[in-house]
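Here's the structure, in structure tokens; my notes come after.
Each value in this text was obtained by applying a stated rule to the coordinates, not by laboratory testing. Note that the structure is a prediction, hence the values are computed from the model and not measured. All Cβ positions, even for glycine, are placed from backbone atoms using ideal geometry, and neighbour counts span all protein chains on display.
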Amino acid sequence: MHKSKRLAKALVAVSVTLTLVLSGCGSSNTASKDSGSSAGTITIGAPVAATGSLANEGKLVHDGYTLWQNVVNKQGGLLVDGKRYKVNINFQDDQSVATNSASLTEKMYTQDNIRLFLSPYASGNIFSATTVAEKHKVPMISGGGGAKSIFTRDYKYVFSAYPYSGAYLGSVLDLLKTQGVKTLAFLHADDVFSKEADQGGEEYAKSHGFDIVYSAQYPSNASDLTSQLTQIAQKAPDALIGTGHFQEAVLLVKEAKQMNVNFKSIAFTVGPTMPSFAKTLGKDAEGILGASLWTPDLPYKDDVFGTSKDYAALYKQTFGVDPDYHSAMASAAAELMGLAIQKAGSQDPQKVRDALAGLGTVHLFDGDFTIESNGSISGLKLPVIQIQDGKAVTVWPGSFSQSFKDFPLPAWNKR
């Protein structure tokens, strides 16, 4: 009797062990049976900077992707061919280095068996990573940059939630035009995004009657821009337009104050939209403009996040800070991936790629836009923000212009 009981217990233990082993089999991006109501897990690779010079922006992209993952999983997962699949985003740190973005994408494909990808942050890193995605014929969606050069290689597996970098400054210049600004100084970093944003901004400025009195390039991650500011001060432009990244925008403000170089207006493509910009600079950030791709004030909504305000509230509840456009655009890119998987009824990379190409015009919490034949987007309306009382406030397009203030900017010693 005792022997039979022991035998029964042993058989149960073996059965449980086999069940656990079998449930763990299969690749990370195939539908394996999970506990609960989920039919399995879909894994998406994301080689996003957690360290290095792009860590600030990389953190925002990471959190944007993560928020989408959390919301989808809380809703029960993606509905794919009648079954619910949980989402797992596999993050790996590219250390802000473009070659690492490529090697990590290669590793996730060959070693981790991942077949769907969200991009790193920064156009140069995306350019590098997407060469690997294209080689292996697996889709990658850009949630961290929109350099036009990414989309001029006749690639078929690269898509985006970002507009072209060259379009970033149009709204800023429209706003400055209404304030009578006539002369501009442009200063840009030498990375792919910054050069394209500057080129697009300068072309727009010339075609809209501005006089560009200074234009120069500096090395990305520069630690000293005083020589450029000295030359700019001699030209005495109405406004300074900086196209670079967070660290460089902060550096320009600090050094302009130290040198007492004043402007009627200052605008950056990256920096002011990020909560850490005003936190780092304090009162010196007040009145500075930022070219943005999204704000919580925009009148859009979707079925995943609700309205733009709903998205902002959920983001702050989750991460303890207000979101900026980096996070929102990353979430939109992830949402595009989810839409394509559901439309394809599969996580097969070719079917997902074809679904992405066929999405047409989409309506998300960050706005309405159209997927073009080369994977880029068009039609997204871009707002402008201004730092006011330590917060990013929407001051453009026209319906928000009544919120614009601090023009001309007070001198540094009067702030």
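Can you work out which of the residues in the stretch 152-179 that are of a type in the set (S, T, N, Q) and assigned to a helix (DSSP H, G or I) is farthest from Ser123 (Cα to Cα)? Per the criteria, the residue is Thr178. Annotation note: Cβ proximity below 6 Å between a residue of the stretch 383-405 that is over 19 Å from Gly180 (Cα atoms) and a residue that is surrounded by 15 or more Cβ atoms within 10 Å (Cβ to Cβ) and small (Gly, Ala, Ser) (sequence gap 6+ or interchain) occurs for Pro383/Ser292; Ile387/Ala278; Ile387/Ala285; Gly390/Ala278.
Conditions tested, residue by residue: (1) among the acidic types (Asp, Glu); (2) in contact with a strand residue (DSSP E or B) (Cβ under 6 Å, 6 or more places away or on another chain); (3) touching a residue at least 24 places away in the same chain (Cβ under 8 Å).
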| residue | (1), (2), (3) |
| --- | --- |
| Gln228 | no, yes, yes |
| Gln231 | no, no, no |
| Thr243 | no, yes, yes |
| Phe246 | no, no, yes |
| Val250 | no, no, yes |
| Lys257 | no, no, yes |
| Val261 | no, no, yes |
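Within the option set Gly124, Gly146, being of a type outside the set (Lys, Arg) and not in a loop (DSSP other than H, G, I, E, B) holds for one residue only, Gly124. Phe400 meets the conditions (1) surrounded by fewer than 16 Cβ atoms within 10 Å (Cβ to Cβ); (2) out of contact with any helix residue (DSSP H, G or I) (no Cβ under 9 Å at 6 or more places or on another chain); (3) farther than 18 Å from Lys59 by Cα in every case but one. The failed one is (1).
Just one of the numbered conditions (1) out of contact with any helix residue (DSSP H, G or I) (no Cβ under 6 Å at 6 or more places or on another chain); (2) acidic (Asp, Glu); (3) closer than 20 Å to Ser171 by Cα is not true of Glu196: (1). Only residues that are aromatic (Phe, Trp, Tyr), in contact with a strand residue (DSSP E or B) (Cβ under 6 Å, 6 or more places away or on another chain) and crowded, with 22+ Cβ neighbours inside 10 Å: list them for the stretch 173-226, please. Once the filter is applied, which keeps residues that are aromatic (Phe, Trp, Tyr), in contact with a strand residue (DSSP E or B) (Cβ under 6 Å, 6 or more places away or on another chain) and crowded, with 22+ Cβ neighbours inside 10 Å, the stretch 173-226 yields Phe186, Phe210.
Taking the criterion of being under 23 Å from the mean Cα position of the chain (by Cα), under 19 Å from Ala334 (Cβ atoms) and in a loop (DSSP other than H, G, I, E, B), would at least one residue in the stretch 95-111 satisfy it? Within the stretch 95-111 (the criterion being under 23 Å from the mean Cα position of the chain (by Cα), under 19 Å from Ala334 (Cβ atoms) and in a loop (DSSP other than H, G, I, E, B)), the answer is no, since none of the residues qualifies.
Any idea which of (1) touching a Lys or Arg at 6+ places or on another chain (Cβ under 9 Å); (2) within 30 Å of Gln234 (Cα to Cα); (3) surrounded by fewer than 22 Cβ atoms within 10 Å (Cβ to Cβ) is the one Gly170 doesn't satisfy? With respect to (1) touching a Lys or Arg at 6+ places or on another chain (Cβ under 9 Å); (2) within 30 Å of Gln234 (Cα to Cα); (3) surrounded by fewer than 22 Cβ atoms within 10 Å (Cβ to Cβ), Gly170 is out only on (1). Looking for something hydrophobic (A, V, I, L, M, F, W, C) and within 21 Å of Leu175 (Cβ to Cβ) - is there at least one such residue anywhere in the stretch 306-325? No: the stretch 306-325 contains no residue that is hydrophobic (A, V, I, L, M, F, W, C) and within 21 Å of Leu175 (Cβ to Cβ).
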